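Single-structure report; data block below.
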Amino acid sequence: MILLLTATIAAAAVSSGEAFGTAWYVGPQGSPTNDGSKESPWDIASALVQIERVQPGDTIYLMDGVYRRRPNELFEVMLVGAEGRPVHVRPEPGARVVIDGGLTIQPPTAHLWMWDLEILVSEPRPARIISPGSHPEDLTRPAGGLNMRGGDRCKFINLVIHDCSQGVSWWVGSKDSELHGCLIYDNGWLASDRGHGHAIYTQNDDGVKTISDCIMTGGYSYTMHAYGSSRAFVNNYLIEGNVCYDAGTFLIGGGRPSHGIVVAENVLYGMTMRLGYDAPHNEDCVARDNLIVNGALQINRFNEVSESGNVVLSADAPRPDAPQVILRRNKYDQNRAHVVLLNWDGADSVEVDFDGFLDAGEAFRLMDPRLFYAPPIMRGTYDGSPITVPVEREMTVFVVLKG
């Protein structure tokens, strides 16, 4: 067994995000005329645009329940924190919060941290849309998802985004922000021409967009779709530590030359990582320590390429002799990690050593990323010895939770 411990906990980053301001409360039956206390909560639509009342360092707690917006609209978010004093939006402790209909982050949002929300569209997805193209008239269910038109120096942490027309739509108006630890799955739709909708569709120019330690799977089109025409920008990305499987191509590149592309320590299973699309040339990229299984690594027309430590195993390539375990600890939540089990020899279980993440006597749960709110696949108490985890596939992915 090979145990790789990566993405060390950034305790200082977590502490810098702690809020010491006012606690505001939002309830599914709240009202804009309430005072925002736990006894008199706001409604979500008015709470997320409280630019004047919600100050840097404040926290908006969403109470347990489903928050639904209709018709085909998204809840607008316009909240402004400050350096070292972000505004936090997160569930009340112990609550499960479902945003049914999606969120749109608008200017002048800045220094906002959104945590642990589930974003979905509850209307059933039709088996097939008759109309081709990206905007079919007969796709009448809400689009949903996380749509970022603005937002500077923001963080979106441990969101669960699924069954939307697109998981994350992240555009040039948002700068120097991060998507971390999110579970993004089963987004998009099947049309008469092809599958549409991506796990992440993004463009960027100024500042760096960071996509780190997310799990992406399922869906109908691309997994990573950092893409645009010759008039769009696909520049300055740090894409690190993500796990992608059973999904479409992982693409970074478009019709305009790209620069500042860094992809590192990602695990891809059953897909190709493609850097560069059809631009006549690109400037620079770094591709290091990525593991690509049953796929390929394609680096197209870059003037400067730094490539090291990548492992690419085609479907018919020989496998390593022993299982491999990759454990990535969440940067902002010390009670959470992602673990990838690579069952190279086809055994029915893999031994996993959680030493360094779990302490002896600490309880744990292994969660299926696509059934995150269901009962755990496995639970127990860590005694300091490796844990035997049953597996059925060559690659299995879990979210590990303490407690």
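The values are calculated or read from the model by the stated rules, or taken from the named source; none is laboratory data. Nothing here was measured: the structure is a model prediction, and the numbers come from that model. FYI the Cβ positions are ideal-geometry reconstructions off the backbone, even for glycines, and counts take in every protein chain you see.
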Boolean, Pro124 is in the same structural domain as Trp170 (by TED's automatic domain parsing) and surrounded by fewer than 16 Cβ atoms within 10 Å (Cβ to Cβ): yes
Pick from Asn330, Asn290, Asn294: which is buried (at least 21 other Cβ atoms within 10 Å of the Cβ), closer than 24 Å to Val399 by Cβ and either among the charged types (D, E, K, R) or in contact with a Gly (Cβ under 7 Å, 6 or more places away or on another chain) (or both)? Asn330
Among residues of region 310-342, those that are within 25 Å of the chain's Cα centre (by Cα) and not aliphatic (A, V, I, L, M), counted: 12
Which of the residues belonging to region 55-76 are closer than 24 Å to Arg141 by Cβ and touching a Ser or Thr at 6+ places or on another chain (Cβ under 6 Å)? Leu74, Glu76
Exactly one of Tyr277, Tyr222 is within 21 Å of the chain's Cα centre (by Cα), assigned to a loop (DSSP other than H, G, I, E, B) and not acidic (Asp, Glu), and that residue is Tyr222
Over region 146-158, the set of residues surrounded by fewer than 24 Cβ atoms within 10 Å (Cβ to Cβ) and outside any strand (DSSP E or B) is Arg149, Gly150, Arg153, Asn158
Pairs under 6 Å by beta carbon, first residue part of a loop (DSSP other than H, G, I, E, B) in region 289-314, partner acidic (Asp, Glu), six or more apart or different chains? Asp289/Glu265; Gly309/Asp289
Candidate set: region 175-184, residues that are in contact with a Gly (Cβ under 6 Å, 6 or more places away or on another chain) and surrounded by 22 or more Cβ atoms within 10 Å (Cβ to Cβ); chosen: the one nearest to Arg149 (Cα to Cα): Ser177
Criterion violated by Ala337 - all others in (1) touching a Phe, Trp or Tyr at 6+ places or on another chain (Cβ under 9 Å); (2) assigned to a loop (DSSP other than H, G, I, E, B); (3) not aromatic (Phe, Trp, Tyr) satisfied: (2)
What do you reckon, is Thr249 modelled with pLDDT of 95 or more and outside the structural domain of Ser134 (by TED's automatic domain parsing)? yes
So in region 106-142, with the set limited to residues that are assigned to a strand (DSSP E or B) and farther than 17 Å from Leu62 by Cα, which one is modelled with the highest pLDDT? Ala110
